[in-house]
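FYI, it's all coordinate maths here, none of it is from the lab. Owing to the predicted nature of the structure, the values given are computational and were not obtained by experimental measurement. Cβ atoms come from the backbone with ideal geometry, glycine included; neighbour counts cover every protein chain shown.
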Amino acid sequence: MSPSYNLDDVEWFDPLPENVVLGEGTYLYSSYAFRHCMSERPCAVRVGKYTNIYPDTCFDLGPRGEVTVGDYTHLSDPTISTNGRVSIGSHCMVAWETVLADIAYAVPPDSRAALGQPEPDPGDTDIVLADNAWIGARAVLLGGARIGEGSVVGAGSVVDFEVPPYTVAAGNPARIMGPVRTAR
Amino acid sequence: MSERPERRGPERRKSVPDRRGGELLDRREWLNQVTGNWDHDILPGNVHIGSDCYLESTGSFALWKSGTDPGIVIGDRVTIYGWTKFESVGSGFIEVGDDSILVGARLMSSERISIGRRVVVSHHVLFADSDMHPVEPQLRRKETVALAYYDDSERRQPVDVRPITVGDDVWIGAASIVLKGVTIGEGARVQAGSVVVDDIPAGAVVAGSPARPIEEGERP
């Protein structure tokens, strides 16, 4: 089964950028998601197998931006705005209107010079979602957010720190609320 | 403002072969057409745009129904990305100062939203200068009737409306919400995810819900 993406129901006809790789059985609603992808990396976005990328998802990547997404992950409509690395594991779920951005005042790469801020050091602003993480609606993950395996980030939270595995983090500002209940 | 890198969108689109015949190709060419070369005919007549602006999509004005003139006044060298939406609730007025960057602002105006100069608004930010609907339950019940398709929108109930003023050099972080009657002072920084319900003094850094001042560098 090859990757599928829909060019029939939307008014956007661009082919995928050459440095975007979709795995087998992955569903992409539209290549419109890559209209702001200005990454010059050889592989800007790599998506694994059987991942779903729904409408209004946007990869807003600067020249050094790089995103990897694992297998069986569901991206409802996150805006991923970074000039660094974003790594999303397998079996993750990312809900509506979430923002994954390396800086709080994230703007597309062609406007970043107008901010007059020095580029953050590479590595400091990485965002990592380990396998099986779940991000609630309208949450914001800023540079330095590392969500552990199986952890849950509540709706509307703002996270810029490391959340341990199997932990719930929620609130604005976000706090660790406790362990995720697991069936044993 | 520094030289912009070359835009990739429209150029790339021209190279796509027309697989469908003329009609859809025209539509495609209409979409996101206006990149600095203004075609005022396809914008609402009460939208006034300064020189050297970058507007990614005319879809930003699809929900602008206000009849006031001027309705939207945009200064010079303003950058407006396609995620930004201008919405009128009744008769609204929105002004945006020179050199501002609106990435993903949803501006819902009943009276007046003023954005200053050199303001940066990040992704998924909401501005609303009214409550939209009455808070009192019985009035809200009448409002639901007035809003029904066959009823008279003239009978809509009065709501609390207070204008929003955003000063020069303000930066507003991703997923923030700015509510009615708020004045954000010059140079203030609104951290990501804030809900701004009170005035912010000039130069302050605020975070949280409701947004409160924090020290620069302190974790919200």
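The string of couplings for region B:97-103 from the Karplus curve (6.51, -1.76, 1.60, θ = phi - 60°) is x, 4, 6, 7, 10, 10, 8 Hz, one whole number per residue in order, with x for Gly and Pro. For region A:49-121, the alpha-carbon coordinates run over 39, 21, 16 Å along the three principal axes, in decreasing order. Taking amide H as placed 1.01 Å from N in the peptide plane, the amide H of A:HIS36 sits under 5 Å from that of A:PHE59, each at least 5 places away or on another chain. Over all distinct Cα-Cα pairs of region B:78-132, the Kirkwood formula returns a hydrodynamic radius of 11.1 Å. Roughly what % of Cα-Cα distances in region A:1-158 sit above 24 Å, to the whole percent? For region A:1-158, the share of Cα pairs beyond 24 Å comes to 27 percent. Electrostatic tally near B:PRO201: other residues with Cβ closer than 13 Å to its Cβ, Lys and Arg +1, Asp and Glu -1, net -1. Computed over Cα pairs, the Kirkwood radius of region B:45-210 leads via Stokes-Einstein (1.306 mPa s, 10 °C) to a diffusion coefficient of 98 µm² per second.
Once amide H atoms are placed 1.01 Å from N in the peptide plane, what residues at a sequence separation of 5 or more from A:ILE135, or on another chain, have their amide H within under 5 Å of its amide H? When sequence neighbours closer than 5 places are left aside, the close amide H contacts are A:MET93, A:VAL94, A:ALA95, A:VAL153. Near B:LEU107, once Lys and Arg are set to +1 and Asp and Glu to -1 for all other residues with Cβ below 14 Å from its Cβ, the sum equals +1. Would you mind pulling out the separation of the Cα centroids of region B:136-199 and region A:138-154, in Å? Region B:136-199 and region A:138-154 have Cα centres separated by 29 Å. Across the alpha-carbon atoms of region A:99-184, the computed radius of gyration and Dmax are 14.1, 53 angstrom. Both radii are taken from the alpha-carbon atoms of region B:119-220; with Rh as the Kirkwood radius, Rg/Rh is 1.12.
Roughly what % antiparallel, to the nearest 5, for the DSSP beta bridges in region A:141-184? Taking every DSSP beta bridge with both residues in region A:141-184, the antiparallel ones total about 45 percent. Here's how it looks for A:ILE147: its modeled amide H is under 5 Å from those of A:VAL128, A:LEU129, A:ALA130, A:VAL163, which are all 5 or more places away or on a different chain. Across region B:47-58, coupling constants 3J(HN,Hα) worked out from phi with the 6.51/-1.76/1.60 Karplus curve, θ = phi - 60°, read 9, 10, 10, x, 8, 6, 7, 10, 10, 6, 8, 5 Hz, and Gly and Pro carry x. Converting phi to 3J(HN,Hα) with the Karplus coefficients 6.51, -1.76 and 1.60 and the offset θ = phi - 60°, region A:144-150 yields x, 6, 10, 9, x, 4, x Hz in sequence order, with x at every glycine or proline. Each Lys or Arg adds one and each Asp or Glu subtracts one; over the other residues with Cβ under 14 Å from the Cβ of B:ALA128, this totals 0.
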